[in-house]
Amino acid sequence: MVKKKKGRSVRRNPNVNLEPEELTQAPHSFIIHRGFNNGHILELTRDFRKVMEPFTAKSLQEHKKNTIKDFVSVAGLLHVTHLCIFSQTEFGMYFKVGRLPRGPTLTFKIHEFSLAKDVVSSLKKQLVIERAFKHSPLIVLNSFSGDTPHMKLMASMFQNMFPKINLTNVDLNNIRRCVLMNYNPSSEIIDFRHYVIKITPVGVSKGVKKVVQGKVPNLSKCNDISEFFTKAGLLSESEMEEDPNNHITVNQKLATRGNVEQGQSAIRLTELGPRITLQLMKIEDGLLDGIVLYHNFIHKTEEEKLIIQKKRDAKKKLKERRKRLQEENKKRKETEKEESKQKSLKGMKKDASREQTKNKDGNEDTNQDDDDATYYREEIGEEPDKDLFMASEVNNKMSMKKSKVFNKFNKKHKLDVSSKDKKQNFKKDFKSNKFDKSSDDRRKFSRNKDKNKSHLRTHKPLKSKSSIYYAVVH
């Protein structure tokens, strides 16, 4: 006997698609573009999505019909915390960073930018590692130590865009990229750079590195393999003049060859791009619409701020009033709809009661004859004749039949009586020879009769090719 398979139990089998807490608590981002759809701004948004991987929507599809509310409504389900917008207007390009769902929003002006493909093509040694994009980059802020509130808010916004690092549990193999943001206090400009991190062993010649890393050395210029390991001319200028400040002691075992635990290694950065030069313009309290907390170029007095605040409050009250009126109208329409429904149900009940009364009246008419017969028996004491109380029934039946026939005739058999009478009279006159045979009327009638029958004359075509050939020959 074959055993039956047991069904899956929901309690015993937990949901496999549940994400771990590290992923749900990590900051996620939406990166979109607005304004003129220029080719540069599209490529810049794609490059910035590459920087923010893996906690971003890499293949996010956006359309002109999509509004900011659409992205905000979906953000909660996908654990999205930040919204980055690249916009372009007639005056220039801008970069906005907003905290979801209620702000604040920072607006930057883009002075200069270089795409990732241009940065990589300008390097002599291009190093692009796809495995480096499986983990989030390390954020490094330089000169963001101002005491002003806008500087603190800007630094905290950039730090919260990337996941936090626990120094006790961090794995150095996962830190493969770095984002550097340098602030210049004099010009108030921020330089954005994106690098890939490479750790190489120190105190080892170039030949030894190649052998350790598993590369096949080129021994065409050497007489012996010892020359390949001891020759100092094979080293490049950057390797000959290494900065001792770049040397570190690795406390973990790295996946790259040549780096030994508790050994000396050097950190090297290779730029991936893009390069962006930013300047802070303003800070808003809400998400793209709120009180301006800071503006770099426009400074307003307290009176102007109070006037703006009053306008905002009036606009907010008007919006609330319109919303309340809309809800009241909605409730009123629902009540009217319910009332009309109840009225229609009452009318249907009245029609049903009328039909029942009609049926009762018909039954009373049929039973009236029986009542008359019983009354006749009680008063006279004899049985009445059969035809005595049948006249009313016959009259009722005849009237019902007439009404039915008349209704059918009115609905279906509506004929033109005048044209029918004319045709019948004409046929009677013709049969009774009222027309004179030698008269013109007789001839006209015969001609018209032949013309009317002319459309019935048809020439039947020959069916096959053999019949056509027979007709032509004979």
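Points worth noting:
- Between Leu77 and Ser220, the C-beta separation translates, for a Förster distance of 56 Å, into a calculated FRET efficiency of about 0.35.
- Environment charge of Gly39, counting only residues whose C-beta is closer than 14 Å and scoring Lys/Arg +1, Asp/Glu -1: -1
- Between Glu188 and Lys337, the modelled labels are 5.5 nm apart [label points 7 Å from Cα along Cα→Cβ].
- Spin-label pair Val292/Lys310, simplified geometry with 7 Å Cα→Cβ offset, distance in nm: 1.9 nm
- Stretch gain in nm, segment Phe36-Gln279, where the contour uses 0.36 nm per residue and the Cα spacing is subtracted: 85.4 nm
- Taking a Cβ cut-off of under 13 Å around Ala26, the surrounding Lys, Arg, Asp and Glu residues balance to a net charge of -3, with basic ones at +1 and acidic ones at -1.
- Rounded if a/c under 1.5, otherwise prolate or oblate - region 40-190, Cα gyration tensor axes: rounded
- Ordering of 195-202, 64-71 by packing [mean C-beta count within 10 Å, highest first]: 195-202, 64-71
- Region 325-354: trypsin sites (Lys or Arg not before Pro) in DSSP coil with no more than 16 other Cβ atoms inside 10 Å: none
- Among residues other than Leu288 with Cβ under 14 Å from its Cβ, the summed charge is +2 (Lys and Arg +1, Asp and Glu -1).
Just so you know, all these numbers are worked out from the coordinates, no wet-lab data involved. What you see is a predicted model, and the numbers here were worked out from it, not measured in a lab. FYI the Cβ positions are ideal-geometry reconstructions off the backbone, even for glycines, and counts take in every protein chain you see.
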